[in-house]
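What follows draws every value from the coordinates through simple rules; no lab data is involved. Just so you know, these numbers come straight off a predicted model, no measurement behind them. So basically every Cβ, Gly included, is an ideal-geometry build from the backbone, and we count neighbours across all protein chains shown.
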Amino acid sequence: MHLACEQGQKPLSLVVTAGQRGDAPQFEAVMAGIHVARPGRGRPRTRPDLVRSD
């Protein structure tokens, strides 16, 4: 399970893979799944201001 979440622990993107998959190859898939709605009109944000990983 590969997860991206905000600091308040709200999930932004989740990718589930087989148990032997590494985190690094799934980074792009997880980041591509992020869509943060903007207040009012406009396309959702897809790029975070900051990325941390473990």
Exactly one of (1) among the small types (Gly, Ala, Ser); (2) in contact (Cβ under 8 Å) with a residue 24 or more places away in the chain; (3) out of contact with any helix residue (DSSP H, G or I) (no Cβ under 6 Å at 6 or more places or on another chain) is unmet by Ala4. Its number?
(3)
Of all residues in region 1-41, how many are in a loop (DSSP other than H, G, I, E, B), exposed (fewer than 11 other Cβ atoms within 10 Å of the Cβ) and either among the basic types (Lys, Arg) or out of contact with any strand residue (DSSP E or B) (no Cβ under 9 Å at 6 or more places or on another chain) (or both)?
12
Which residue pairs have Cβ atoms closer than 7 Å, lie 6 or more positions apart in sequence or on different chains, and pair a first residue in region 25-54 that is under 16 Å from Val15 (Cα atoms) with a second residue that is surrounded by fewer than 10 Cβ atoms within 10 Å (Cβ to Cβ) and not small (Gly, Ala, Ser)?
His35/Pro44
